[in-house]
1. Of the conditions (1) modelled with pLDDT under 90; (2) open to solvent by less than 90 Å² (accessible area, probe 1.4 Å); (3) outside any loop (DSSP other than H, G, I, E, B), residue 442 clears all except one; give me its number.
2. Please specify each residue of the stretch 593-606 satisfying the condition of being more than 25 Å from residue 260 (Cα to Cα) and open to solvent by 80 Å² or more (accessible area, probe 1.4 Å).
3. Test residue 289 against the stated conditions and say whether it is assigned to a strand (DSSP E or B) and more than 23 Å from residue 609 (Cβ to Cβ).
4. Out of the residues in the stretch 354-372 meeting the condition of being assigned to a strand (DSSP E or B) and not small (Gly, Ala, Ser), tell me which one is surrounded by the most Cβ atoms within 10 Å (Cβ to Cβ).
5. Take residue 317 and tell me if it is outside the structural domain of residue 232 (by the TED database), modelled with pLDDT under 90 and among the aromatic types (Phe, Trp, Tyr).
6. Quick one: which of 508, 527 is open to solvent by less than 50 Å² (accessible area, probe 1.4 Å) and not assigned by the TED database to the domain that holds residue 262?
Amino acid sequence: MVQHRFLLESVGPRKIQIMRLSARIIWLILWTVCAAEDCKGPPPRENSEILSGSWSEQLYPEGTQATYKCRPGYRTLGTIVKVCKNGKWVASNPSRICRKKPCGHPGDTPFGSFRLAVGSQFEFGAKVVYTCDDGYQLLGEIDYRECGADGWINDIPLCEVVKCLPVTELENGRIVSGAAETDQEYYFGQVVRFECNSGFKIEGHKEIHCSENGLWSNEKPRCVEILCTPPRVENGDGINVKPVYKENERYHYKCKHGYVPKERGDAVCTGSGWSSQPFCEEKRCSPPYILNGIYTPHRIIHRSDDEIRYECNYGFYPVTGSTVSKCTPTGWIPVPRCTLKPCEFPQFKYGRLYYEESLRPNFPVSIGNKYSYKCDNGFSPPSGYSWDYLRCTAQGWEPEVPCVRKCVFHYVENGDSAYWEKVYVQGQSLKVQCYNGYSLQNGQDTMTCTENGWSPPPKCIRIKTDCDVLPTVKNAIIRGKSKKSYRTGEQVTFRCQSPYQMNGSDTVTCVNSRWIGQPVCKDNSCVDPPHVPNATIVTRTKNKYLHGDRVRYECNKPLELFGQVEVMCENGIWTEKPKCRDSTGKCGPPPPIDNGDITSLSLPVYEPLSSVEYQCQKYYLLKGKKTITCRNGKWSEPPTCLHACVIPENIMESHNIILKWRHTEKIYSHSGEDIEFGCKYGYYKARDSPPFRTKCINGTINYPTCV
């Protein structure tokens, strides 16, 4: 250590610096010689590149340059150069590479579209595949384009519309829309509509269209002749029935005794069947609804000519004055109704009220009011005075006939006359004494003063009293011995020969040379009982059945009998026959509804598909289907009856209102019916009052108010 230090100190600082610099230079030269390294050839390349020139597998010195160009379908900006550095080939400009050439947009095809099947951009190597829209197909077999070195390969594929084969005309029909010519092809989406000739109907689809696959959507329809088979008529029979009916031909039918057509007496054959189902319904009346009144007798159904008697509650009176109403084909006549106002404006013949025009707005009026009136010349009040009072009573206006005829009697031809003229009024009678061998008309001896004067006229005429020839009664003989002549008052009795029966009176009477009465002998017997399919008659059969004879039926097992088990001969006609049917799925009695009932007599059992009809009581409104049907042992939903509205006088009085139209005044209104009110004289509509014109809604009225 001491020797080294001594050595350094003896050299000196300057010499030491020179020595250090020289050593660095020598080291740099040695590093350069050792670091320089050759590159192996040939230079590397990418798949998209082509190496220019000829290169062998040898070493190439540092700094050697290799030039590249791009393969077809690729391109670059500038020249690609790689240099040998430190034994490696290094790109002089790394950003310069070969990229795929773009081809641009491949082009759209009408009625189609394309998709990229290969690649993600429109560049070299990309492939697009074309498809046509629905109803179109490719023209040719090539459906793609590829991006090549020089652009897109193949032309743009084209799409043509799909076509369907021509459609021929229908037999007994025609094409009403489609191609103009019958042998012309149809394009996708085109529609062909068909129509049949008169008397035929379409079987199949009325229209077909050309589908996307070039086939028609459905088969071509057919035109078949419209034919209807005779319908079954409930409670009736067809007239001159044919096996089949063509279009627009009518099927006529008639109903059994006691029944009428529900709608009309015929049905028309149409393309959808019969225009209406023939049906006969019994002439019946539903129980009446009498507001503020009661009636007897009570029945579920009232038949034609049934009568009821009714009475009104206290303070109410029959509108018509009669308390008896009869069931008729048009309903209850007269309509049973009780009212608070029995007296309307009086309109009577041969007279008028004093000051009637000024009094008219006051009507109708209540019981107890009276008004003075006068009669025309030749008439007078029943009292005989020149004027009298017309009074409103519970039975209406009294006197019932305000003005009666005045008849004067003084002289009668061919009879005794009075010494002085005497005046009689309508309804009064006068006995007349005619000379011997004379009498008034028709053998009368009394004249009555009528609305048109004396009846019979005051004239006595010669009379003949005996009757000569007996009247002829067919199928009858007289009881006892006949005579050549009969005096007035004598009677002759007839009896009918078997099997005829007397219809009405059996006696005629001689009255002033005329026979009064006309006996009639009617054949009331019946012949063969009605045939009931699948049934047997269990009573003894006869050639002829008298009035009242009965025939009983039994159904063959396992069928059950529906209806009456017997038919009866009534006045030469058999009553309605029963039916034998399968009882599976039958129903019990129809469900009841409030304020209504069925229009037919309720049965304990109903066969499947039977139907009944409902009807609401008077002034109630039916809501829903009025007919229900038995299906699978259950009835369909029955209708309901909406309440009517009553307009009491005390309610209108409390609101100070009146009905606007007095000549159409009603105290009942159906649900849904419009009602219009007005203010009483001297009153005006309240500020918050509901409108004067309102509506009856299920028994409720929103009354307006006047103050």
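The values are calculated or read from the model by the stated rules, or taken from the named source; none is laboratory data. The structure displayed is predicted, hence computed values, not measured ones. Cβ: placed from backbone, ideal geometry, glycine included. Neighbour counts: every protein chain shown. In case anyone asks, the SASA skips ligands and DNA or RNA and just uses the protein heavy atoms, side chains included. Shrake-Rupley method; radii C 1.70, N 1.55, O 1.52, S 1.80 Å.
1. Tallying (1) modelled with pLDDT under 90; (2) open to solvent by less than 90 Å² (accessible area, probe 1.4 Å); (3) outside any loop (DSSP other than H, G, I, E, B), residue 442 fails exactly one: (2).
2. Result: 594, single match.
3. Working: assigned to a strand (DSSP E or B): no; more than 23 Å from residue 609 (Cβ to Cβ): yes.
No, not satisfied.
4. We begin by selecting, within the stretch 354-372, every residue assigned to a strand (DSSP E or B); these are 365, 370-372.
Then drop every residue that is not not small (Gly, Ala, Ser), which leaves 365, 370-371.
Numbers: 365: 17, 370: 14, 371: 19.
It comes out as 371.
5. Numbers: outside the structural domain of residue 232 (by the TED database): yes; modelled with pLDDT under 90: yes; among the aromatic types (Phe, Trp, Tyr): yes.
Yes; evaluated as a whole, the condition is true for this residue.
6. Details: 527 fails: open to solvent by less than 50 Å² (accessible area, probe 1.4 Å).
Criteria check complete, one pass: 508.
Here is a yes/no grid of residues against (1) at pLDDT below 90; (2) touching a helix residue (DSSP H, G or I) at 6+ places or on another chain (Cβ under 6 Å); (3) within 14 Å of residue 452 (Cα to Cα); (4) in a loop (DSSP other than H, G, I, E, B):
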{"residue": "383", "(1), (2), (3), (4)": "yes, no, no, yes"}
{"residue": "390", "(1), (2), (3), (4)": "no, no, no, no"}
{"residue": "411", "(1), (2), (3), (4)": "yes, no, no, yes"}
{"residue": "417", "(1), (2), (3), (4)": "yes, no, no, yes"}
{"residue": "423", "(1), (2), (3), (4)": "yes, no, no, no"}
{"residue": "427", "(1), (2), (3), (4)": "yes, no, yes, yes"}
{"residue": "436", "(1), (2), (3), (4)": "yes, no, no, yes"}
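To keep it simple, each residue is scored yes or no on (1) outside the structural domain of residue 658 (by the TED database); (2) more than 56 Å from the chain's Cα centre (by Cα); (3) touching a residue at least 40 places away in the same chain (Cβ under 8 Å).
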position	(1), (2), (3)
366	yes, no, no
370	yes, no, no
384	yes, yes, yes
396	yes, no, yes
410	yes, yes, no
436	yes, yes, no
446	yes, yes, no
